[in-house]
Amino acid sequence: MDFFNYKNGELYCEDVPAARIAREVGTPAYVYSKATLLRHYRQVADAFKPIDATICYSVKSCGNINLLKVLADEGCSFDVTSGGELFRSIQAGGDPKKMIYAGVGKTDAEIIDALNVGIAAFNIESEAEIENIDRVAASIGKTAIGALRINPDVDAKTHAKTTTGRKGNKFGVDIDRAEAVFEKYRHLKHLRIAGLHLHIGSPVYEIQPYVDAVMKAQALIDRLTALGHKIEWLDLGGGFAVNYRNPTQALPVTEHAKALLPLLKDKPYKIALEPGRYIVGNAGILLTQVLYRKSSGSRQFVIVDAGMNDLIRPTLYDAYHFVWPAQPRPDDVLETRDEDRKPADGEVVDVVGPICESGDYLAKDRLLPRTARGDLLAVFTAGAYGFAMSSNYNNRPRAPEVLVNGSSYRIIRRRETYEDLVALER
């Protein structure tokens, strides 16, 4: 559930008309709902409360410091993957002692910064990284704490570019090598490997891959414990899916918890999770305005002012985002958002942007209400990996970000200017 709904014939974000935001802020623009962000964080936290799980929001999914502050104020921890994300999280008021640092290519400078601010732990991806963190920690007189990321060889049944838990992926250590790794590095002086980490991919629509991964990890923990290793926590990663196509596409996290809690309760180690998409995905939309219409052969194009530099997921991952007018005709006002919606006066179009690339599109072969120049479209479920992956390709200033809270909104990142595009080059 989110707080983007059609009322009085137009789209509202909470109690603010989307058209008002577009009129006053311009397009393209990212719009976030504070109520939705909090609802989904609380849903995760409450679902896993019986095992007192630590929830570390994945900053890479959407890292605006104003959104991070909302979550930090709720007691949320953070999962960071770079020095920039660590800095950003601290600027937002996050407690570094509750942060987990992931990523396959941490530099020495990033490791030092993380040690100096006192992060909770590193998720460690390789034997080479184990040796390097131990060396770097020794060089500054610190002791690091880490969890070995294991690759459980579980098929998450997601896109090839977002699956992370199969053999041959760049992430983690193969699970059948994990015992040997623990044994090899049990006597390090400046790094204590005290946990296990796994992350099987994203978005994951089925529960069974999580169950399989947890059972494999727990069997490994039993073997490690028998060898005298003390495992203090198990980090399950994130990846829970959200409703891109229709309201029932993804299971709520409460269903995942029902399956996983029996496996995780009464264990001598702590549990951590790193959701990002599930918390912020449905909390954001991208507003864009129709510029032109054209036809080529049998194809009809609706050209809008948002492009792949604003939202790259469709062209990068073949991702689907539901698209609909913010002020549709009465017959096309939505009860629910559903890919099978049949508009009263519909047409099959490609919704494309202004970028000089054939891959610049937001939707292909999509049945939409007939649109005209100046119409406002909303691209739903754009909160995760939307603005976070945007760029200045074609020298386009990045879109602003807006946070709605009830009946008011504020700009939490201004629209970039042409001067911003060249400021670092002067």
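Taking VAL44 as the residue in question, decide whether it is in contact (Cβ under 8 Å) with a residue 40 or more places away in the chain and assigned by TED's automatic domain parsing to the domain that holds ALA272. It is true that VAL44 is in contact (Cβ under 8 Å) with a residue 40 or more places away in the chain and assigned by TED's automatic domain parsing to the domain that holds ALA272. The set of residues in the range 124-152 that are in a loop (DSSP other than H, G, I, E, B) and touching a strand residue (DSSP E or B) at 6+ places or on another chain (Cβ under 7 Å) comprises GLU125, SER126, THR143.
Residue check: is ASN116 closer than 21 Å to GLU232 by Cβ and among the polar types (S, T, N, Q)? Against the criterion (closer than 21 Å to GLU232 by Cβ and among the polar types (S, T, N, Q)), ASN116 does not qualify.
Go through the range 25-90 and tell me which strands (runs of 3 or more DSSP E), entirely inside it, have 2 or more residues that are polar (S, T, N, Q). Break it down into steps so the answer makes sense when it comes.
Details: elements: 29-33, 54-58, 77-80.
Strands (runs of 3 or more DSSP E) meeting the threshold: 54-58.
Counting only residues that are in contact with a Phe, Trp or Tyr (Cβ under 7 Å, 6 or more places away or on another chain) and crowded, with 24+ Cβ neighbours inside 10 Å, the range 278-294 holds 6 of them.
Could you check the range 357-415 and list, in sequence order, the residues that are over 30 Å from LYS342 (Cβ atoms) and among the hydroxyl-bearing types (Ser, Thr, Tyr)? Across the range 357-415, the qualifying residues are SER390, SER391, TYR393, SER407, SER408, TYR409. Taking first residues from the range 320-341 that are over 21 Å from GLN249 (Cα atoms) and assigned by TED's automatic domain parsing to the domain that holds ALA306 and partners that are small (Gly, Ala, Ser) and outside any loop (DSSP other than H, G, I, E, B), the Cβ contacts under 8 Å between residues at least 6 apart in sequence or on separate chains come to PRO325/ALA378; ALA326/ALA18; ALA326/ALA19; ALA326/ALA22; ALA326/ALA378; GLN327/ALA19. Checked against (1) in the same structural domain as GLU401 (by TED's automatic domain parsing); (2) more than 19 Å from PHE380 (Cβ to Cβ), GLU274 meets all criteria but (1). Out of everything in the range 16-57 that is among the charged types (D, E, K, R) and under 25 Å from the mean Cα position of the chain (by Cα), what residue ends up being surrounded by the most Cβ atoms within 10 Å (Cβ to Cβ)? My answer is LYS34.
Could you check the range 93-120 and list, in sequence order, the residues that are small (Gly, Ala, Ser) and over 17 Å from GLU274 (Cβ atoms)? Result: GLY93, GLY105, ALA109, GLY118. When ASP95, ASP79, ASP108, ASP73 are checked against the criterion of being of a type in the set (Asp, Glu), touching a residue at least 12 places away in the same chain (Cβ under 8 Å), within 27 Å of VAL173 (Cα to Cα) and surrounded by fewer than 18 Cβ atoms within 10 Å (Cβ to Cβ), a single residue qualifies: ASP108. Pairs linking a residue in the range 118-137 that is assigned by TED's automatic domain parsing to the domain that holds TYR101 and more than 15 Å from GLY103 (Cα to Cα) to a residue that is β-branched (Val, Ile, Thr) and in a helix (DSSP H, G or I), with Cβ atoms under 9 Å and 6 or more positions apart or on different chains, are VAL136/ILE111; VAL136/ILE112; ALA137/ILE111; ALA137/ILE112.
The values are calculated or read from the model by the stated rules, or taken from the named source; none is laboratory data. Fair warning: this is a prediction, and the values are worked out from it, not measured in the lab. All Cβ positions, glycine included, derive from the backbone under ideal geometry; neighbour counts span all protein chains shown.
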